[in-house]
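Since every read-out is calculated from the coordinates, none of them should be taken as a lab result. These figures come from a predicted structure and were not determined experimentally. Quick reminder, even Gly has a Cβ in these numbers, built from the backbone with ideal geometry, and neighbours come from all protein chains shown.
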Amino acid sequence: MSLDVQASNAAPINPTTGAAKLPGTVPARRRMTARRRILAAERRLRELQSIGSALIDTSHPYMAHIVPMRRCNLACTYCNEFDDVSKPVAIAEMRRRVDELGRLGTSVITISGGEPLLHPELDDVIKRIRHTGAIAGMITNGYLLMPERIERLNAAGLDHMQISIDNIMPDEVSKKSLKVLDAKLRMLAEHADFHVNINSVVGGGIQSPEDALVISKRALELGFSSTIGIIHDGSGQLKPLGERERKVWEEVRSLTRRSYSRFNHFQEAIANGKPNEWRCRAGSRYLYICENGLVHYCSQQRGYPGVPIAEYSRADIEREFVTEKGCAPNCTISCVHQVSYIDHWRAPQHPEAAPPMVGHGTGSELVQIQ
């Protein structure tokens, strides 16, 4: 299928930009005001400082994902990271957990879920992250964004937001559609002082892979950055992209030259259904803090180490830095790989440093991703 031709339920395409012409949309690009330029420059400086610190010292986490609540307002079929019953973690407890990450010297703290915007005191969590000196990020489905809410995120000090959009029109796999979210993107373009990245996807039952190209072009048209990821079906099996998916994946990557993953072969191997040889630093450079306050390798290996963040120590970080993860060859968690890539050239790992994993997957199994 030509990249200009959409599935029968898709929106028409702007022949100039390739972006979806959705009802009520406007092509207004995000304006880089003097304030936004200053904030972007300051943010970039802090990012460069954090990378420099990570290169010098390996005894602190570079990134942590922290979950303030597991509940989500959507139910995407490929996702195993949500429920519809959980209550938000009390703000006093969230502050303590963020402070513990600060104690460990964490450079970047990203709020995920579930859906973070459902937490009634999310702004306080963001402020606490910034208080530790860390860069504050958030992953959201974007449904709850409104101009006033975006302004509050500005005031709280949010640095980065990522929204994943899976298709042009909602379907039984995902409701995270451009049709629904385009109005939210325009609100962000007008009001957000923080960096916004739009992530499109191929694989995992997405009916029209060409949607990812439309979504990426729309993101760039609005002045946001854009990335593309690979998701799999409910069994979580690694398998190569089909011809249509591969064509779209390569074209989107050609549009997004600044994508970090272009500097390594991690995503390339995933696209080909092949294992990667790399040194996973989960549990050390990357931490996943669940809603119960426990440290895990990542969202797909919940169960190990399973230590409360208040008890996590530099000794744990140093041990996990050199621990070989049995699930690493077939891992599909891009953020963990990108963080680990900082240290790809040093500290060989060995398998005997840790007991067998007891989370969602074992060392010999393929794992499911979100």
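Taking the Cα centre of the stretch 34-353 as origin, work out the dipole magnitude from +1 charges on Lys and Arg Cβ and -1 charges on Asp and Glu Cβ, in debye rounded to 20. It would help to have the intermediate numbers written out before the result.
On the way: 42 positive and 40 negative charges, 149 e Å.
With Lys and Arg at +1 and Asp and Glu at -1, about 720 debye.
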Local net charge near residue 156, Cβ-Cβ under 12 Å (Lys/Arg +1, Asp/Glu -1):
-1
Amide H of residue 138 versus every other amide H placed in the peptide plane: which residues, excluding those fewer than 5 positions away on the same chain, fall under 5 Å?
111, 160, 161, 162
In whole Å, largest first, the alpha carbons of the stretch 65-156 cover along the principal axes 36, 29, 21
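What full-extension length gain, to one decimal in nm, is calculated for residue 265 and residue 87 as 0.36 nm per residue of separation minus the Cα-Cα distance?
60.1 nm
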For the stretch 143-148, what does the Karplus curve 6.51 cos²θ - 1.76 cosθ + 1.60, with θ = phi - 60°, yield as ³J(HN,Hα) per residue in whole Hz, taken in order and with x for Gly and Pro?
4, 8, 6, 9, x, 5
Relative to the Cα centre, what is the charge dipole magnitude of the stretch 50-93, using +1 at the beta carbon of each Lys and Arg, -1 at the beta carbon of each Asp and Glu, and rounding to the nearest 20 debye?
100 debye
Out of 315, 328, 161 - ranked by how far each Cα lies towards the positive end of the dipole of the stretch 34-353, with unit charges on the beta-carbon of charged residues - the top one is 161
Compute the relative contact order of the stretch 116-193 as a whole-number percentage, counting only Cα pairs closer than 8 Å that sit 6 or more residues apart in sequence.
29 percent
With the dipole of the stretch 41-193 worked out from charges on the C-beta (+1 for Lys and Arg, -1 for Asp and Glu) around the Cα centre, which of 131, 41, 142 lies farthest toward the positive end?
131
From the cross-link list 175/217; 127/179; 87/175; 87/179; 127/217, the entries with a Cα-Cα span beyond 28 Å are 127/179; 87/179; 127/217
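Working out 0.36 nm times the residue gap between residue 244 and residue 155, then minus their Cα-Cα distance, what length gain in nm do you get to one decimal?
Full-extension gain reported as 27.8 nm.
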What does the charge dipole of the stretch 47-206 about its Cα centre add up to, to the nearest 20 debye, if the Cβ of each Lys and Arg holds +1 and the Cβ of each Asp and Glu holds -1?
220 debye
Taking amide H atoms as placed 1.01 Å from N in the peptide plane, list the residues 5 or more away in sequence, or in a different chain, whose amide H sits under 5 Å from that of residue 86.
71
